[in-house]
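Okay, structure first, notes after.
The values are calculated or read from the model by the stated rules, or taken from the named source; none is laboratory data. Keep in mind the model is a prediction, meaning the values are calculated, not measured. Heads up, the Cβs are rebuilt from the backbone with ideal geometry, glycines too, and the neighbour counts pull from every protein chain shown.
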Amino acid sequence: MAEEKKGFFRRLADGLTKTRNNIVSGMDAIFSGFSDIDDDFYDEIEEILVMGDIGINATTAIIENLKKKVKEQHIKKPEECKQLLINSIKEQMQVGDTAYEFEHRTSVVLVIGVNGVGKTTSVGKLAGKLKDQGRKVIVGAADTFRAAAGEQLAEWANRAGVELIRGSEGADPASVVYDAVCAAKARKADVLLIDTAGRLHNKKNLMEELKKINRIIEREYPEAYRETLVVLDGTTGQNALEQARQFGEAADLTGIILTKLDGTAKGGIAVAIQSELNVPVKYIGVGEHIDDLQKFDADAFVNALFLSDDV
Ligand SMILES: Nc1nc2c(ncn2[C@@H]2O[C@H](COP(=O)(O)OP(=O)(O)OP(=O)(O)O)[C@@H](O)[C@H]2O)c(=O)[nH]1
Ligand SMILES: [Mg+2]
């Protein structure tokens, strides 16, 4: 377990190298370049955070928190602010205790997002993880729009050793969801994971389809604990925020899966998303292997962002 964790942290730290270089080199210059903690010092930190895609909301909150701590602890030297700053960012990113409750309940997890962000891959990885934890998992392939989508999910389901419910190409996604819910109830599954299409004929269709899927689940499976995860591609920076906002209008988002953090300079978006939308990042993806999807750990993430060379 400790080994596995270390392995993932290494991959996370390696994946975030570009993001770290973006943020940390500027930070270190500020901490060593300033002799006093003054407005200019805070302005420079603010600029680096915003440039690092951390977002205005989160940056403002982080700076306020830093100022408060500096005052309370009578800090005088800029370099002493580094750890305080790291702690402020960690505090911004804590995920609540109930974030993963669905893993222990009879639940339906709906996975949504635009095309190509990593929905199917994430559903496959999650199925494997939950199965390993001894949960009975069923996967529903509600992406009937793209010909290869069902096949791709079938491979993941096969690898994970879980049952897949799918419809024929072009079938009504809501009818696949209906069938999947029936199967989950009949087989007494613990978790039903539903993969959805990232693209339909147009965006309005996509959102309407999601609402329809939601109505089916509510009607047919009201006793199930609900989780709706929007998948966002970490390389798309601020666009990811906009996507999450749009999906938030069609569904009650309960969490975010942030993928492709390996090799992006925009990893700071994880901080922005959480504070701008008030929806927690629950999983992060740092590669295409099954082990490359992990629960979000604020401490590990922020350490990887700032301190990789020290660990
Ligand atoms: N590097 C990297 N690649 C990823 C990650 N997650 C997914 N991918 C890759 O991104 C590509 C798209 O992933 P899919 O899971 O097919 O995305 P999708 O959202 O289901 O796409 P559509 O079904 O077309 O909407 C695949 O090549 C995945 O292997 C990640 O965390 N890191
Ligand atoms: Mg897909």
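Would the range 284-292 turn up any residue that is farther than 16 Å from THR121 by Cβ, more than 16 Å from ligand 2 (Cβ to nearest atom), modelled with pLDDT of 90 or more and of a type in the set (A, V, I, L, M, F, W, C)? No, the range 284-292 has no match at all.
Could you check the range 8-59 and list, in sequence order, the residues that are more than 19 Å from the chain's Cα centre (by Cα), β-branched (Val, Ile, Thr) and assigned to a loop (DSSP other than H, G, I, E, B)? Correct list: ILE37 only. One residue stands out among those in the range 137-159 that are buried (at least 21 other Cβ atoms within 10 Å of the Cβ) and without any contact (Cβ under 8 Å) to a residue 40 or more places away in the chain: the one that is farthest from ligand 2 (Cβ to nearest atom), which is ALA157. The set of residues in the range 248-293 that are near ligand 1 (Cβ under 8 Å from one of its atoms) and either part of a helix (DSSP H, G or I) or under 18 Å from ARG20 (Cβ atoms) (or both) comprises LYS260, LEU261, ASP262, GLY263, ILE284, GLY285, VAL286, GLY287, ASP292.
Please go through the range 65-96 and pick out each residue that is part of a helix (DSSP H, G or I) and charged (D, E, K, R).
Of all residues in the range 65-96, those part of a helix (DSSP H, G or I) come to 65-72, 78-92.
Scanning the range 65-96 gives LYS67, LYS68, LYS69, LYS71, GLU72, GLU79, GLU80, LYS82, LYS90, GLU91.
Scanning the range 117-136 for residues that are outside any helix (DSSP H, G or I) and surrounded by fewer than 22 Cβ atoms within 10 Å (Cβ to Cβ) yields GLN133, GLY134, ARG135, LYS136.
Which residue pairs have Cβ atoms under 9 Å apart, sit 6 or more places apart or on different chains, and have a first residue in the range 97-116 that is more than 16 Å from ligand 1 (Cβ to nearest atom) and in a helix (DSSP H, G or I) and a second that is hydrophobic (A, V, I, L, M, F, W, C) and at pLDDT below 95? That search, which allows pairs on different chains as well, returns ALA99/PHE296.
Could you please give the count of residues in the range 236-246 that are charged (D, E, K, R) and free of Cβ contacts under 8 Å to residues at least 24 places away in the same chain?
The initial filter retains those residues of the range 236-246 that are charged (D, E, K, R), namely 242, 245.
Next, only the ones that are free of Cβ contacts under 8 Å to residues at least 24 places away in the same chain stay: 242.
Final tally of qualifying residues: 1.
Looking across the range 216-235, the residues that are touching a residue at least 40 places away in the same chain (Cβ under 8 Å), of a type outside the set (Gly, Ala, Ser) and either more than 16 Å from ligand 1 (Cβ to nearest atom) or surrounded by fewer than 18 Cβ atoms within 10 Å (Cβ to Cβ) (or both) come down to ILE216, ILE217, GLU220, TYR221, GLU223, TYR225, ARG226, GLU227.
Can you spot a residue in the range 153-173 that is in a helix (DSSP H, G or I) and closer than 19 Å to GLU220 by Cβ? Walk me through it before giving the result.
Taking the range 153-173 as the starting set, the residues that turn out to be in a helix (DSSP H, G or I) are 153-160, 173.
From what is left, the residues that are closer than 19 Å to GLU220 by Cβ are 173.
Yes, the conditions are met somewhere in the range 153-173.
Within the set LYS131, LYS185, LYS212, LYS204, the sole residue that is more than 18 Å from ILE256 (Cα to Cα), of a type in the set (Lys, Arg) and within 21 Å of the chain's Cα centre (by Cα) turns out to be LYS131.
Considering only the range 231-247, how many residues are outside any strand (DSSP E or B) and touching a Lys or Arg at 6+ places or on another chain (Cβ under 9 Å)? Final tally of qualifying residues: 7.
Matching residues to (1) more than 19 Å from GLY113 (Cα to Cα); (2) within 16 Å of ligand 1 (Cβ to nearest atom); (3) of a type in the set (Val, Ile, Thr):
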{"residue": "GLY134", "(1), (2), (3)": "yes, no, no"}
{"residue": "ALA148", "(1), (2), (3)": "no, yes, no"}
{"residue": "GLY167", "(1), (2), (3)": "yes, yes, no"}
{"residue": "SER175", "(1), (2), (3)": "yes, no, no"}
{"residue": "CYS182", "(1), (2), (3)": "yes, no, no"}
{"residue": "ARG187", "(1), (2), (3)": "yes, no, no"}
{"residue": "THR196", "(1), (2), (3)": "no, yes, yes"}
{"residue": "ASN202", "(1), (2), (3)": "no, yes, no"}
